Amino acid sequence: MRRQRSVDVLVVGGGPAGLAAAARLAASGAGTVEVLEREARAGGVPHHCHHGGFGRWGVTGPQYAERLVEDALGAGAAVRTGVSATGWAGPLSLDTTGPHGLERITARALILATGARERPRTARLVPGSRPAGVFTTGELQQAVNIYRQEIGTRAVVVGAEPVSYAALSALRRAGVEVAALVTEEKRPQVGRCRAAAARLGVPSVPLVTGAVVAELMGRGRLSGVRLRRGDGRDGRECVLACDTVVFTGDFVPDHELARRGGVLLDAGTRGPAVDGSFRTASPGVFAVGSGVHAVVPARVAAGEGVRVARAVRGHLEGVGWPCGAVPVVVGAPLRWVAPNLLSPGAPGSRFVLRTAKALVCPVLVVSQDGRCLYRQRVLGKVLPNRGLYFSGSWVGKVDAGGGPVRVALG
Amino acid sequence: MSVTTKGPLPAEPYDVTVVGAGVVGSAIARELAGHHRLRVALVEASGDVGDGTSKANTAILHTGFDAVPGSLEARLVREGSRLLAAYAAESGIPVEPVGALLIAWDEEQLAALPGLLKKAERNGYDEARIIGADEVRAREPHLGEGALGALDVPGESIICPWTTTLAYATQAVREGVDLHLNCTVEKVGSSPPGGSECHELTTPRGVVRTRYLINAAGLHADALDRRVLGRGAFTVTPRRGQLIVFDKLARDLVSHILLPVPTALGKGVLVAPTVYGNVLLGPTAEELDDRRATGTTGEGLAGLRAKGRRILPALLDEEVTAVYAGLRAATEHDDYQIHGSPEERYITVGGIRSTGLTASMAIAEYVVGLLAEAAGPDLDLTVAGNLDPVSMPNLGEAFLRPYQRADLIATDSAYGSIVCHCERVTRGEIRDALISTVPPGSLDGLRRRTRARGGRCQGFYCGAAVRELFDGWGESGAAR
Ligand SMILES: Cc1cc2nc3c(=O)[nH]c(=O)nc-3n(C[C@H](O)[C@H](O)[C@H](O)COP(=O)(O)OP(=O)(O)OC[C@H]3O[C@@H](n4cnc5c(N)ncnc54)[C@H](O)[C@@H]3O)c2cc1C
Ligand SMILES: Cc1cc2nc3c(=O)[nH]c(=O)nc-3n(C[C@H](O)[C@H](O)[C@H](O)COP(=O)(O)OP(=O)(O)OC[C@H]3O[C@@H](n4cnc5c(N)ncnc54)[C@H](O)[C@@H]3O)c2cc1C
């Protein structure tokens, strides 16, 4: 038997995005606002990022998470931890499981803020044996920072983006020697200083570029990784001995709940498609944070939480839900763009893009049905896994009855 | 009842010892457990039961429609299928009777269907029928272009292979069988020296003495034969099968087991749902020399993806949850290799290639029959007592899981506390597994008992928390 309840706003996910939305909504008198968080503590990913650099003051992850929780509670939102949203019972009704039993909660507005995860070794189809000692950064950080578990003695980190360097520092904190960072790209995807600090630090960590992990070796425990450099056929191979490997980055939104509820997804981001007000194609359902486009810095996710509050209040006050939004799509080598729906009346927001390949001074062209709406030359280099922001000044020119808007390189 | 993982082994001889706690050896031990007066041991090299081929297969409960008519395998698969279906219902092993379609993609395959239908009938299976392209499409709307027809085999089911082995082993241990893990049989001699009283099995943990010996060592059955008999009737050539497990969100793409039509060019790959709500693609078939080569390869996975794209194009857009490989214990013979050697008080159960999960209970009955014949009045195997039924934790999506049960959560809130979010495994289930009759020896063993850490994130969210529970229960001594 499920207990049935109703609230005004139900937020799924107590990370930066969900907590910031709940705080703002509760403070502005949006009625009953409740956050469901399946972990024992709210705060989301920052909870296990013990390094600094979060929020405006650069505090540590846990401090940042605590502050967000206090803000939400202080504003009058309910934050229920240990409670998972497991499925849908109606367009705005969710089923939940928690230690106190099963519930069915119906809301007037639903905010999906379910975050993102890294693709594990299996999803990357890395061949080889299935030994212990294979991590993602998320698991590694929890093992080191929360549970203080033993990790191993010598590790290889796969990736060279910000999260990879976070994995590097977690490994060091756990006393693990890092044999190398390995990336398929030609250069690291972090600032020069950060990359140099790792490479030249004591002990120094070499960066192997243009290489992929071709095989995991060892039975029982990992004994090494086989690297392939250059392209497949004439590629040179070598084996790096290690008992630990961390697959970092390659984020994917945790979109299960959205998909199970029939919420339209964007083919590029693989998260719910949203317009500039974070409205999905399902009336009453909003989506924010890394669950929409993986992955954004915590501060950006929280910012989206703040911005969605206005649209949610509008919805509660009876502003109609737009129908027939125009999709925004990208052409290769661009991977995705967000927001990716244009609905009449939504604010002409800023757009963020990701590219699959490094670009130098690219020209962005926005067009609809062959008609150019906007052109912009971007100065400098654009790296994969880094956001490229561009203006939404062209949104007014979109034909609401036309085909998809295309963002491509000129 | 006892399970040992380390330390010395009992000095007193056993009446019967089974070597190998895969699905076959565990089923034999369970069958013997009904004979309560016998002292029975199950001896396993690994730290867990079902840690060999039995953990890595395609998890289908076959009808045996395509076996070689008249073979021992055909008979034992047919009988085993019925026995296991009934046992599963009684013990809570998840089974879903989804049925299979053998899809013909070209004229040659289409032409092969009537022959397969006949073969099914000769195997005593008469529910199969041939259906046309339209019916195929209606029943599997996501199928790729070009299916010309299919053989419909409604009796094929999917089953949980992990729970099956575990149920057998659990029941055997509860009925008094000693399970010795981490106990590789390295040498076999006899005692007293020169005499013929007992087999002496040398293991790293010491010696196991036993009057009768049953070899259910899977991939190593031929090696054990040579150790005991000094000869062997077969050689095992491992045939590797690599598989890809797709995300649960792909489950709605397919309703049946989609089997390939076997042709001269080989067996092809299948697409099948799993009882955990995922979709499998595989297996490959590669003849190898290395009996430990359970790794996957780049070419293997790429080949599977290419074939999968033809069968079910939309599947390839879904996330991959896991990849794995299993080794079939193939031999130069086209049938199971089950032989009794009465003189040596020894039975070989070898060459259980690609149907051993299905046939396990029938193999066990057959083997105990052979043992009775070989031993005569020396072992009293005439009447078996009743076994207390076991009730295994449900890992199947077609039945209620603890996180969905208000009644269970009301009695114990640990069943409302989800630890592994992708697979929705609760703290209560993990605790239960850690203190169960046959507790897991590793995180992988815990995964096979609960599904914890086996989902799409592979531990990103819950890995550290699950490990904490595993280590914690270990230390408290409750589990081991
Ligand atoms: C390993 C890693 C390291 C990072 N390091 C940094 C960094 O150093 N600096 C930085 O600025 N950013 C960093 N980021 C990015 C940043 O932490 C995230 O982008 C940010 O946390 C996103 O916030 P969010 O609220 O969208 O998602 P999350 O923080 O992921 O929160 C989502 C929450 O939703 C909960 N949830 C999901 N589904 C359900 C459900 N069905 N029911 C109930 N609850 C649910 C989850 O438990 C989780 O707590 C990192 C990200 C990762 C993965
Ligand atoms: C890819 C693939 C797909 C398959 N699909 C299906 C299917 O859909 N349906 C079906 O019914 N069957 C299927 N099978 C077949 C099925 O998995 C096997 O027939 C079955 O698991 C064999 O069980 P076993 O107990 O004989 O072997 P194993 O599970 O290998 O058990 C043998 C055990 O003996 C132990 N051992 C070996 N040597 C020693 C020693 N010297 N001392 C102590 N212990 C030892 C090993 O550690 C091992 O645990 C498939 C097999 C493969 C590989």
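Hey, B:Glu12 hits all of (1) among the acidic types (Asp, Glu); (2) within 15 Å of ligand 2 (Cβ to nearest atom); (3) part of a loop (DSSP other than H, G, I, E, B) but one; which does it fall short on?
Looking at each condition in turn, B:Glu12 falls short on (2).
Going by what's in this entry, would B:Arg310 be described as closer than 23 Å to B:His142 by Cα and either away from chain A (no Cβ under 13 Å) or small (Gly, Ala, Ser) (or both)?
On the way: closer than 23 Å to B:His142 by Cα: yes; either away from chain A (no Cβ under 13 Å) or small (Gly, Ala, Ser) (or both): yes.
Yes; evaluated as a whole, the condition is true for this residue.
Could you tell me whether segment A:227-250 includes any residue that is within 14 Å of another protein chain (Cβ to nearest Cβ), part of a helix (DSSP H, G or I) and at negative phi?
no
Give all pairs with beta carbons closer than 6 Å in which a residue from segment B:36-65 that is closer than 21 Å to B:Glu96 by Cα meets a residue that is among the basic types (Lys, Arg) and more than 16 Å from ligand 1 (Cβ to nearest atom); count only pairs at least 6 apart in sequence or on separate chains.
The qualifying pairs are B:Gly64/B:Arg78.
Residues of segment B:388-407 being within 11 Å of chain A (Cβ to nearest Cβ) and crowded, with 20+ Cβ neighbours inside 10 Å, which ones?
Result: B:Arg401, B:Pro402, B:Tyr403.
Those residues that are under 25 Å from B:Arg240 (Cα atoms), more than 16 Å from ligand 2 (Cβ to nearest atom) and not hydrophobic (A, V, I, L, M, F, W, C), I need them from segment B:319-355; list them, please.
B:Glu319, B:Thr321, B:Glu332, listed by residue number.
Of all residues being more than 10 Å from chain B (Cβ to nearest Cβ) and touching a Lys or Arg at 6+ places or on another chain (Cβ under 7 Å) in segment A:101-130, which is surrounded by the most Cβ atoms within 10 Å (Cβ to Cβ)? Just the residue, please.
Among them, the one singled out is A:Ile105.
Mind listing whichever residues of segment A:39-83 are of a type in the set (Asp, Glu), more than 9 Å from ligand 1 (Cβ to nearest atom) and touching a residue at least 24 places away in the same chain (Cβ under 8 Å)?
A:Asp71
Where in segment A:133-203 are there strands (runs of 3 or more DSSP E), lying fully within it, with 1 or more residues that are touching a residue at least 40 places away in the same chain (Cβ under 8 Å) and within 16 Å of ligand 1 (Cβ to nearest atom)? Even if it seems obvious, please write down each step before you answer.
Values: elements: A:134-136, A:154-158, A:177-182.
Strands (runs of 3 or more DSSP E) meeting the threshold: A:134-136, A:154-158.
Within segment B:208-222, how many residues are more than 7 Å from ligand 2 (Cβ to nearest atom) and farther than 15 Å from B:Gly340 by Cα?
Qualifying residue count, segment B:208-222: 3.
Would you point out the residue of segment B:257-290, among those that are of a type in the set (Gly, Ala, Ser) and part of a loop (DSSP other than H, G, I, E, B), that is farthest from B:Gly92 (Cα to Cα)?
B:Ala264
Hey, among the residues in segment A:131-174 that are charged (D, E, K, R) and more than 7 Å from chain B (Cβ to nearest Cβ), which one's surrounded by the fewest Cβ atoms within 10 Å (Cβ to Cβ)?
By that ranking, first place goes to A:Arg148.
I'd like to know if segment B:326-349 contains one or more residues that are within 14 Å of chain A (Cβ to nearest Cβ), surrounded by 21 or more Cβ atoms within 10 Å (Cβ to Cβ) and more than 17 Å from B:Ile257 (Cα to Cα).
Initially, segment B:326-349 is screened for residues within 14 Å of chain A (Cβ to nearest Cβ), giving B:326-327.
Pick out the ones that are also surrounded by 21 or more Cβ atoms within 10 Å (Cβ to Cβ) and you get B:326-327.
Add one more test, that the residue is more than 17 Å from B:Ile257 (Cα to Cα), and what stays is B:326-327.
Yes, segment B:326-349 has at least one match.
Among residues belonging to segment A:283-310 that are more than 24 Å from A:Thr137 (Cα to Cα) and among the aliphatic types (A, V, I, L, M), point out the one that is surrounded by the fewest Cβ atoms within 10 Å (Cβ to Cβ).
A:Val306
May I ask you to list the residues in segment B:371-385 that are under 16 Å from B:Gly340 (Cβ atoms) and in a loop (DSSP other than H, G, I, E, B)?
Hits for segment B:371-385 are B:Leu379, B:Leu381.
Of all residues in segment B:236-273, how many are farther than 24 Å from B:Leu102 by Cα and surrounded by fewer than 17 Cβ atoms within 10 Å (Cβ to Cβ)?
So the count comes out to 0.
Could you check segment B:278-292 and list, in sequence order, the residues that are farther than 20 Å from A:Arg119 by Cβ and more than 12 Å from ligand 2 (Cβ to nearest atom)?
Those that are farther than 20 Å from A:Arg119 by Cβ and more than 12 Å from ligand 2 (Cβ to nearest atom): B:Glu287, B:Asp289, B:Asp290.
Among B:Gly92, B:Gly149, B:Gly124, B:Gly115, which is buried (at least 16 other Cβ atoms within 10 Å of the Cβ) and either β-branched (Val, Ile, Thr) or more than 30 Å from B:Pro440 (Cα to Cα) (or both)?
B:Gly149
Just to be sure before I move on: is A:Ala258 among the small types (Gly, Ala, Ser), within 16 Å of ligand 1 (Cβ to nearest atom), closer than 28 Å to A:Asp8 by Cβ and within 11 Å of chain B (Cβ to nearest Cβ) in the structure I sent? Outline the logic, then answer.
Working: among the small types (Gly, Ala, Ser): yes; within 16 Å of ligand 1 (Cβ to nearest atom): yes; closer than 28 Å to A:Asp8 by Cβ: yes; within 11 Å of chain B (Cβ to nearest Cβ): yes.
Answer is yes for this residue.
Give segment A:1-26 a look and list any residue that's within 14 Å of another protein chain (Cβ to nearest Cβ) and within 15 Å of ligand 1 (Cβ to nearest atom), or say none.
Across segment A:1-26, the qualifying residues are A:Val12, A:Gly13, A:Gly14, A:Gly15.
Mind listing whichever residues of segment A:13-32 are outside any helix (DSSP H, G or I) and touching a Lys or Arg at 6+ places or on another chain (Cβ under 9 Å)?
Once the filter is applied, which keeps residues that are outside any helix (DSSP H, G or I) and touching a Lys or Arg at 6+ places or on another chain (Cβ under 9 Å), segment A:13-32 yields A:Gly13, A:Gly14, A:Ser28, A:Gly29, A:Ala30, A:Gly31.
Quick note: the coordinates plus some simple rules give every number you see, no bench work behind them. Computed from a prediction, not measured in an experiment: that's the story for all the values here. Reconstructed Cβ throughout: ideal geometry from the backbone, glycine too, with neighbour counts over all protein chains shown.
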